[in-house]
Structures are given as structure tokens and as C-alpha cells.
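What follows is a set of notes on a single structure, which appears directly below.
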Amino acid sequence: MKKAIILTIHLLCIVNFYSKAQKFGDAAEKVKFLVQMHMQESYNSQGPHSVREDYKVVMANGSISEVILQQENVPEMFLRRPISFRTRYVMNAGVLSRVVKEYFDVSVSDLMRSFKANYNGNKINDYYFNDDYSAYTKIYLGSNQLATAETKTTKLSDFPPSVRETVKKSMNEAKSRITLQQENERITQAQREVEDYNFKHTRYDLGKYDTTMFNRFLNVLKKNFLNYCRGDAPEYKDLWYGYKGASNGFISYNNVYNVLYEMKDNSRETEQRGNVIIAGSNDIRTVVSGQLLSGTDNDMKIVRTSSVPLPMITLSGKKVLTKAQIDSMRISFVKGITIAKCGKKGVEFTKFPPQENIKPYIEGVLAEKKGRFIIRYEVANILNENFTSITFKPYITLFGEYQEEYKGR
């Protein structure tokens, strides 16, 4: 298994080597590519001390044996001065096997002090290990008399007997810890997938979990239904002459439904197919279904045309989808025109008498009035709430009903 290397293992340099992860076992060509990428990215971003960089590739028997990056005048926080070093990426059998960092102007003692002051990982004697003990760094004075920090894959045979058992024990403990961590991550991921599934497939009853939002939803529905009925009904002139389905001076709707409003998630995740990235979408809609219990709106046109988007609500800190079931939902609407005579006998409807359940609304408006009046009215009961609009004025017939009431209108 390839072992990850922490790119800033020397801990002295405040300038990151490069941002791409390097791994033991990477092919030599990949290592070369990453070094070239670093050179290109840092070309126009030199620090305040004018860092100088160069690299070379060492070949042996037609293959890459080393890739060497040399950096000079690099700012260093611990020593508070610029330093120079080279990083040797050493290959074995065509893959990365060791990373050797050699410092030109830093002593072994300074390098050791820097590691001790800044290293927060695992340390056994003078060996500095990564989190899972799969790789370690050793500091020493190289044969070329340069302070050296060498990082490579952990092999028990590399350590003296006095350290070997401690390293072995630590590796086993790290393996157990990582296995447990991976299992916890797997469980967390499984829980997240269940939550995502529930989010997409569970609909929470808006009336049960958020009555405030439910009442707002109903209020908007009522307004939409009323506006639809008003817009769909004929003009008063057409009611007078019996046009557009009007009869006896009025038109009425009286429908009762069972309706389910339900949010549907048609969103898609962003996905990559080969070299093509297909953008995701956020597509959450409100779907309407139900049945007509009584009335003439067999296609539920009023309900479907006047639908209102359901709101999402927050439960346990998470946004969830909702539904709203409304049973025996009544939409009753009457629009009409009539003539009434008001006097000692009360209100008498002399032309286009309204329905019996409408008369009390008009009679209440004309109470204590005298004379003949033409009345225009709208009376609705939508989701158990009444809406009324009644206007009237004296009825004059000098030039006939049409001329008096509708000429120029």
C-alpha cells in the first residue's frame, strides 16, 4: 500500500513545497510532474526574500533515479532567517521510496531543535512518525556533512532492538485506532445516507409540525382560489344577458375535494462522467393530487391551477420536505346581478332573484333602504371562510335597462 508523505516534513520552511499530496509508491514520472508543477506555480509568486529554485532529474540505466528540487533563501520561522536546502526524491524500481532533505546552512542540532519544538506527531526516541506509523523521519549528519532529514516507509528491521518493540506496539495501536476510526466513519456515512434517503422520501405533515406555516399556506390558498373564481366568472353584463354559461343573472361554483399537497424532490447531484462534469440541480416542487367529492370540477382545475408551493421546515436543525392533507375542502363561489324593491314589505327581488342562501347577505346590506336598486354581488365560502362583495345603486329605466346600466361600460 502506498504511504502518504507530509510534504512539509522538514518543519523548518514556512513556504509550502506544493499543495499536491505525494505518496510513497508514486511513479517517477508523477513525481517529476509534481515538481515541474511546483516550479510553474511558484514562478510568479516569490516571497519577500526572493526565493530561488531549480530542479534536475537524475537518470540511471534509462530510468529516473532521483528528482531533486533545490531551494535557496527560503524564509524560516524557527531560526528567524532564510535557509537553503535541497529535496531529493529517490526512486526504487521506478517508484518513490525515500525523501531526503539536505540543509546547506542548518546544523544538525538546529534541525533537531526545530523538530522538537514544532513536531506534534508521534515520536519514539529520535524517530518522527506520521499518524499511522507507516512512515518516519530520521535526522542525521549525512556523509556529505549536511544536516539531513530522511523520510521513508516504516520497516521494523530499520530500527535497533531497543526501539523495535515499541514501534511494533505503536503500529498495532495505530492500526486499531485507524480501523475504529474508519468504522466510525463508515457508520457516520451510513447514517448520513439514511438521513439523505429519509430527506428525499419522508414528508412531514405541515399542519402537525408547524401550524404557523400551515396557516400561512392556507391563507395564500384561499386568496388564490378566490382570485381564480373571480377571474373565471363572466362580467356582470354577461350575467344580465345570460352569456357565458350564466343563468338567471348569476353563476355559481360549489365543489368539495379531498386534496393532498406534497413536496417532490427532483434534484440531481453533480456528477462526473469521464472528463465531463454534469451540473446538478435543485428542483423541489409541490405536487397536487386528490379527488372531487361533490360538484362539477371533475378535473380539479380550480385546485391545480391555483396551487401554492409548500414551504420546507426545520426539524432537529435540518430542513425537511412537507405535505398538507386537506379533506372536505370546499370552494363555493356565486357571482350575480339582481333588481330589488325595498319598502314596507322589506326587500323584494323583482328580477333575477338570487339563491336562497345568498338573499340574507343582500337583505342585510339593503336594510332600511327605500326604492328600487340594482345589486351586484359576489359571495364565496372558501376553506370555511366567507368572502362577500355587494354593491348597489338606484335602478333607473328612462332609456331601458341596458342603456342605463351598461352603455359605455
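The values are calculated or read from the model by the stated rules, or taken from the named source; none is laboratory data. Remember, it's a predicted structure, so these values are computed and weren't measured experimentally. Heads up, the Cβs are rebuilt from the backbone with ideal geometry, glycines too, and the neighbour counts pull from every protein chain shown. Protein only, heavy atoms only, side chains kept; ligands, DNA and RNA dropped before computing areas. Shrake-Rupley method; radii C 1.70, N 1.55, O 1.52, S 1.80 Å.
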Next on the checklist: A 22 angstrom limit on the alpha carbon distance is what I want to check against. Which of Lys30/Lys123; Lys32/Lys168; Lys116/Lys138; Lys101/Lys155; Lys32/Lys116 exceed it?
Outcome noted: Lys30/Lys123; Lys32/Lys168; Lys32/Lys116
Next on the checklist: Relative contact order for the stretch 175-333: what percent, with Cα pairs under 8 Å and sequence separation of 6 or more?
Outcome noted: 29 percent
Next on the checklist: I need the calculated FRET efficiency for the pair Val95 and Val194, taking r as the beta carbon distance and R₀ as 35 Å, to the nearest 0.05.
Outcome noted: 0.30
Checklist entry - Distance in nm between label sites at Asn357 and Lys116, each 7 Å beyond Cα in the beta-carbon direction? => result 9.4 nm
Checklist entry - Roughly how big is the stretch 47-154's charge dipole about its Cα centre, with Cβ charges of +1 (Lys, Arg) and -1 (Asp, Glu), in debye to the nearest 20? => result 120 debye
Item to check | Average Cα contact separation per residue, the chain, under 8 Å, 6 or more apart, as relative contact order % | outcome: 10 percent
Checklist entry - Here are several values of Cα extents along the principal axes in Å: (i) 97, 60, 41; (ii) 125, 46, 42; (iii) 53, 49, 47. Which one was derived from the coordinates shown? => result (ii)
Checklist entry - Looking only at Arg330, Arg81, Arg192, which one moves most when the chain is put into a Gaussian network model with springs between Cα atoms under 10 Å? => result Arg81
Checklist entry - How large is the accessible surface per residue of the chain, computed with a 1.4 Å probe and reported in Å² as a whole number? => result 58 Å²
Checklist entry - With each pseudo-label sitting 7 Å past Cα toward Cβ, what's the Glu183-Ser63 distance in nm, one decimal? => result 4.0 nm
Next on the checklist: Using amide H atoms built in the peptide plane, which far-off residues or other-chain residues are under 5 Å from Asn122 H to H?
Outcome noted: Phe129
Next on the checklist: Please list log₁₀ I(q)/I(0) at q = 0.22 Å⁻¹ for the stretch 90-154, using the Debye equation with identical point scatterers on the alpha-carbon positions.
Outcome noted: -0.96
Item to check | Integer Hz, Karplus 6.51/-1.76/1.60 couplings in order for the stretch 68-84, x for Gly and Pro | outcome: 10, 10, 10, 10, 10, 6, 8, x, 9, 6, 5, 7, 6, 7, x, 10, 10
Next on the checklist: Less than 15 Å apart at the alpha-carbon level, and either on another chain or at least 8 residues along: which aspartates and glutamates does that give for Lys393?
Outcome noted: Glu363, Glu368, Glu401, Glu404, Glu405
Checklist outcome for this item: Sorted on mean Cβ neighbours within 10 Å (highest first), peptides 164-171, 303-310 come out as 303-310, 164-171
Checklist outcome for this item: Placing each pseudo-label 7 Å from Cα in the direction of the beta carbon, Tyr243 and Thr166 end up separated by a distance in nanometres of 10.2 nm
Item to check | Principal-axis tilt of helix 211-232 within the chain, Cα atoms, nearest 10 degrees | outcome: 50 degrees
Item to check | Most to least packed among 357-370, 245-258 [average Cβ atoms within 10 Å] | outcome: 245-258, 357-370
Checklist entry - Accessible surface of Asp110 in the full protein assembly, 1.4 angstrom probe, to the nearest 10 Å²? => result 30 Å²
Next on the checklist: Straight-line reach only, C-alpha to C-alpha below 20 angstrom: list the lysines that Lys319 could link to, leaving out same-chain residues fewer than 8 apart.
Outcome noted: Lys200, Lys208, Lys264
Checklist entry - Taking the highest mean first, how do the peptides 154-162, 93-101 order by number of other beta carbon atoms within 10 angstrom per residue? => result 93-101, 154-162
Next on the checklist: Cut-off under 12 Å on the C-alpha distance; same-chain residues fewer than 8 positions from Lys301 excluded. Which aspartates and glutamates are left, in chain and number order?
Outcome noted: Asp232
Next on the checklist: Under 8 Å for C-alpha pairs, at least 6 residues apart: give me the relative contact order for the stretch 297-368, rounded to a whole percent.
Outcome noted: 17 percent
Item to check | the chain - mean residue ellipticity at 222 nm from DSSP helices (-39,500 (n - 2.57) per run, n ≥ 4, rounded to 500) | outcome: -9000 deg cm²/dmol
Item to check | Amide H partners (placed H, <5 Å) of Thr322, local residues excluded | outcome: Tyr204, Met263
Checklist outcome for this item: Rounded to whole angstrom, the alpha-carbon centroid of the stretch 54-92 lies from that of the stretch 280-320 at a distance of 65 Å
Next on the checklist: Need the full-extension length gain, Val287 to Arg80, defined as separation in residues times 0.36 nm minus the C-alpha distance. One decimal, nm.
Outcome noted: 67.9 nm
Item to check | Modelled label reach - Glu173, point 7 Å along Cα→Cβ, the stretch 110-126 residues with backbone N closer than 18 Å | outcome: 120-126
